[in-house]
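Below: one structure, written as structure tokens.
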Amino acid sequence: MPYEIDETHDPKLESWVESANDPETDFPIQNLPLFERRVDAVGGTFSSPCIRIGNFALDIMSYNSILCDDTREDENEHPIPPEDEEEFVSGFNVHDMLANGDPRQIRKKASWLLRRGNKLLQEHEFRDEILIPMEKIIADRPRIIGDYTDFYASVHHATNVGTMFRPDNPLLPNYKWIPVGYHGRASSVVASGTPIVRPSGQLSPAEEGGTPSFGPCKLLDYELELGMVVGRGNELGKPISVAEAEEHMLGVCLLNDWSARDMQKWEYVPLGPFLAKNFATSVSPYIVTMEALAPFRCPAYRRPEGDPSPLPHLFDERDQKLGGIDITLEVHLSSQQMREQGMKPIRLSKGSFKDMYWTLSQMLTHHASGGCNMQPGDLLGSGTVSGPLRENRGSLLELTWDGDPFSNPPKPLPGTQRTPIKLPTGEERKFLADGDEVILKGYCEREGFRRIGFGECRGIIEPAAVS
């Protein structure tokens, strides 16, 4: 069930790490997301788990090896909540907490360690080996990510896309009964900032019955999504109930499901996405924990009259009341010309995760309902986050399309009718060009609580590889 609001969410709580107290930061002490940093060492490269606080990273491995044994000696000077003493004086065993324990202890312990007035780490002689400035850090793709599944959970996105190709029947019969998804390619999940090479593949023939061609994608697109990382798995053959689904979640990150639309159109029948989706999926480095999101919970999407109620295995009263999350999500674009001329990226769209038809719990429960064994680190994409307005559309496929699937009459315009995005350089975009950089951003705001953010998820398009 959704986590409760507690003293770690107190908006008055401050950190002795002063950059965390900046009202504009994504990473106040109320957030404390997990991430992994890349470390170059003799014999190769490895990742070290960290916690982001303001402009710094708390390196968990360094904490475990240097500081955790000191806590009991100084417990009178740095009071530890008595009910949690044994947990606080031990180190952060991230993998055990994911697989077997309660990941909430990671954030709770870090909150205690980093809050103003606790000098245990602040005045420690090896503090600089534990708390490292972000300018010295390379934030990596979370190495804990295992398998990857992408969903299609926005009814607005599904209706928009369906209307382009099936104006009289935009949603297929199963959409409002099950969270539709497909198995993605985990090996091509890449860290934010990794260049995205334009894929090549088969493109649909110009005329029905004609011969397809092979070449670089001409209709390259982004998809604004949220990724959910599984914390605790389940045994093969044992489903996860929707009431207990959140106990299996670690947290969420930003996700860009890059899409080759012309390849997708040709290959998706009869088994769905394949090469059009497997060339790259970008994720932001920071996993914002489910506990940090407690103040920003909201009701699940209110289904219109006439829509079916979820089947019993996908229905839970608490999930209906608090299964939504009010996360503002934005897409920004910067062309190569814009960067060369010193121009800032422009915002293309702004939407909210609260507009998703299916909750994260319903997605996870459905995935495991047949007995699939979810594992710690599995990544579930939400599908494109789109809302009811044009400015809420989370892909160029939708954003440049002139149709309105919710106006009846008149009927939506054909899918080929598009108005390009005009850039400040005079350039126009219906789909992505080489050199374009797509930047995803996310944050949560609510009166009476600190704003928390997700950082950014970036990717620049590079030309197709020459065979």
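Each value in this text was obtained by applying a stated rule to the coordinates, not by laboratory testing. Keep in mind that what you see is a predicted model, and the values were worked out from it rather than measured. So basically every Cβ, Gly included, is an ideal-geometry build from the backbone, and we count neighbours across all protein chains shown.
Things worth noting here:
- Put in order of Cβ neighbour count within 10 Å, fewest first, the listed residues Trp112, Trp401 become Trp112, Trp401.
- Cross-link pairs Lys108/Lys350; Lys109/Lys238; Lys218/Lys430; Lys218/Lys441 - those with Cα-Cα distance over 20 Å: Lys108/Lys350; Lys109/Lys238; Lys218/Lys441
- Computed over region 179-337, relative contact order equals 24 percent, with contacts defined as Cα pairs under 8 Å that lie 6+ residues apart.
- For Ser334, Ser65, the sequence from fewest to most other C-beta atoms within 10 Å is Ser65, Ser334.
- Across the chain, the mean sequence separation of Cα contacts (distance under 8 Å, 6 or more residues apart), normalised by length, yields a relative contact order of 21 percent.
- Amide H partners (placed H, <5 Å) of Asn55, local residues excluded: Ser19, Ala20
- In region 294-324, the trypsin sites (Lys or Arg not before Pro) that fall in loop regions by DSSP, at most 10 other Cβ within 10 Å: Arg302
- GluC sites (Glu not before Pro) lying in DSSP loop within region 123-177, provided at most 13 other Cβ fall within 10 Å: Glu123, Glu125
- The residues neighbouring Pro310, those whose beta-carbon lies less than 12 Å from its own, together hold a net charge of -2 under the Lys/Arg +1, Asp/Glu -1 convention.
- For peptides 434-442, 203-211, sequence by mean Cβ density within 10 Å, most packed first: 434-442, 203-211
- Angle in degrees between helix 155-165 and the longest Cα principal axis of the chain, rounded to the nearest 10: 20
- The modelled label-to-label distance between Ala206 and Asp434, using points 7 Å beyond Cα along the C-beta direction, is 2.3 nm.
- Ellipticity at 222 nm from helices only: DSSP H runs of n ≥ 4 in the chain, each -39500 (n - 2.57), divided by the residue count, give -4000 deg cm²/dmol.
- Peptides 383-389, 195-201, 182-188, 322-328 ordered by packing proxy, namely the average of other Cβ atoms within 10 Å per residue, highest first: 383-389, 322-328, 195-201, 182-188.
- Additional length obtainable on full extension of the chain from Ser309 to Met343, 0.36 nm per residue less Cα span: 7.4 nm
- With 0.36 nm allotted per residue and the present C-alpha distance subtracted, the Tyr268-Phe449 stretch has 60.8 nm of extension available.
- Placing pseudo-labels 7 Å out from each Cα toward the beta carbon at Asp402 and Val466 gives an inter-label distance of 3.9 nm.
- For the chain, the longest principal axis of the alpha carbon atoms and the long axis of helix 104-114 meet at an angle near 60°.
- Region 216-295: chymotrypsin sites (Phe, Trp or Tyr not before Pro) falling in loop per DSSP and having at most 15 other Cβ within 10 Å: Tyr268, Phe274
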